[in-house]
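Undergrad: Quick one: this structure, given as structure tokens, is what I'll be asking you about.
Please treat every number below as a calculation from the coordinates, not as lab data. Keep in mind it's a predicted model, so treat the numbers as computed, not measured. Backbone-built Cβ (ideal geometry, glycine too); neighbour counts: all protein chains shown.
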Amino acid sequence: MNGVSLAIRQIGYENRAFWRNPPAAFFTFAFPLIFMVIFNVLFGADAAGFFTPAIIVFGVVSATYTNLAMAVTIARDEGILKRIRGTPLPPWAYLAGRIGHAVVIGFLLVAIVAGFGALLYGVEVPWGALPAMLLVLVVSCAAFSALGLAVSGLIPNADAAPAIVNATILPVLFISNVFVQMESAPEWLGTVSHLLPVRHFANAMMDLYASGAGAGVPWKEVGVIILWGMIGVVAALRLFSWEPRR
């Protein structure tokens, strides 16, 4: 069996393991919807047009960056990564399985949040912009997965993983037009947020939702996300560890 087939099988294994933990699976999908309901209660249903794409961004980043970084760190501390290297499964196929599973969960969250926004708040799904949206989602999933693997290399142990991962992403979400609309933010804060990939992911999704069928590919935003993805790949190659930290 070649490496690609093994990677596909690993994706299947990761998905089965995920669904066999119903509480974790439930809250993975419920958490973004809870945020969406709370924000719409606080800011009014008129804000749903903003929060639907914003929570899509949050869901994808959580699935590919947050969950991947923590899961890989825990697997490393438990010695799973070290043992994988002694099996016939190529290490890259194992990581591809982890990433593939994260991408599947990310796309499921996109569908659930988009459907939730359409059914409960009347936020129209931009079907005409679907090709451009798929490109943005694929590029973003790849970039944030790479960044998640890179960050896992900076985490000393599994106990520190939730704190470090959330500390690196939650402030970024708040200043990147996801949890809070940035129109009235100080100029310097907007400048900082535009240096980071989450803001460009959020801007792309907002534009696609707002423009609908008339939307083209937001190449500027896609380019910045790709750049950050390349930074993530280089950092992951340098920082990622298969051995538990002592």
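Undergrad: Please identify the GluC sites (Glu not before Pro) of region 183-246 that satisfy two criteria: DSSP loop assignment and at most 15 other Cβ atoms within 10 Å. Which are they? The partial results should precede the final answer.
TA: On the way: sites: 183, 187, 221; in loops: 183.
Those satisfying the criteria are 183.
Undergrad: What percent does the relative contact order of the chain come to when contacts are Cα pairs within less than 8 Å and at least six residues apart? Intermediate values should be presented prior to the final figure.
TA: Numbers: 311 pairs, mean separation 70.7, N = 246.
Value for the chain: 29 percent.
Undergrad: With charges set only on the Cβ (+1 for Lys and Arg, -1 for Asp and Glu), what does the dipole of the chain come to about its Cα centre, in debye to the nearest 20?
TA: Numbers: 13 positive and 11 negative charges, 217 e Å.
It works out to roughly 1040 debye.
Undergrad: Related question: Out of region 48-94, which trypsin sites (Lys or Arg not before Pro) are coil in DSSP terms and have no more than 13 other C-beta atoms within 10 Å?
TA: Values: sites: 76, 82, 83, 85; in loops: 85.
Filter output for region 48-94: 85.
Undergrad: Grab the Cα-Cα distance for residue 239 and residue 170, subtract it from 0.36 nm times how many residues apart they are, and report the gain in nm with one decimal. Show your work: numbers first, answer last.
TA: Numbers: separation 69, 0.36 × 69 = 24.84 nm, distance 2.20 nm.
Length gained, residue 239 through residue 170: 22.6 nm.
Undergrad: Given [x] 35, 20, 13; [y] 31, 19, 18; [z] 37, 20, 16, which label gives semi-axes √(5λ) of the Cα gyration tensor in Å as computed from the coordinates?
TA: Evaluating semi-axes √(5λ) of the Cα gyration tensor in Å on these atoms matches [y].
Undergrad: Now for a separate question. Looking at the square roots a ≥ b ≥ c of the eigenvalues of the Cα gyration tensor of region 1-52, which shape do they give, rounded for a/c under 1.5, prolate if a/b is larger than b/c, or oblate? Before the final figure, lay out the partial values.
TA: On the way: a/c = 8.46, a/b = 2.60, b/c = 3.26.
Cα axes put region 1-52 in the oblate bin.
Undergrad: Using just the helices of the chain, give the 222 nm mean residue ellipticity in deg cm²/dmol: DSSP H runs with n ≥ 4 each add -39,500 (n - 2.57), and the total is spread over all residues, rounded to 500.
TA: Details: 11 runs with 180 residues, N = 246.
Dividing the helical sum by the residues of the chain leaves -24500 deg cm²/dmol.
Undergrad: Say the dipole of region 3-239 comes from +1 at the beta carbon of Lys and Arg and -1 at that of Asp and Glu; which of 197, 237, 37 then lies farthest toward its positive end?
TA: So the residue we want is 237.
Undergrad: Just to confirm the number: angle between the C-alpha axis of helix 67-77 and the first principal axis of the chain, 0 to 90 degrees, nearest 10?
TA: Here the helix axis deviates by roughly 20 degrees.
Undergrad: What is the helix-to-structure angle for 3-19, meaning the angle in degrees between its Cα long axis and the longest Cα principal axis of the chain, kept from 0 to 90 and rounded to the nearest 10?
TA: The answer is roughly 70 degrees.
Undergrad: Shape of region 23-63 from its Cα gyration tensor (a ≥ b ≥ c, root eigenvalues): rounded if a/c is under 1.5, otherwise prolate when a/b > b/c, or oblate? Walk me through the numbers before you get to the answer.
TA: Working: a/c = 3.76, a/b = 1.69, b/c = 2.22.
Oblate shape, in that a/c is at least 1.5 and b/c is the bigger or equal ratio.
Undergrad: Could you give the length gained by full extension between residue 87 and residue 111, i.e. 0.36 nm per residue of separation minus their alpha carbon distance, to one decimal place?
TA: Working: separation 24, 0.36 × 24 = 8.64 nm, distance 3.60 nm.
Length gained, residue 87 through residue 111: 5.0 nm.
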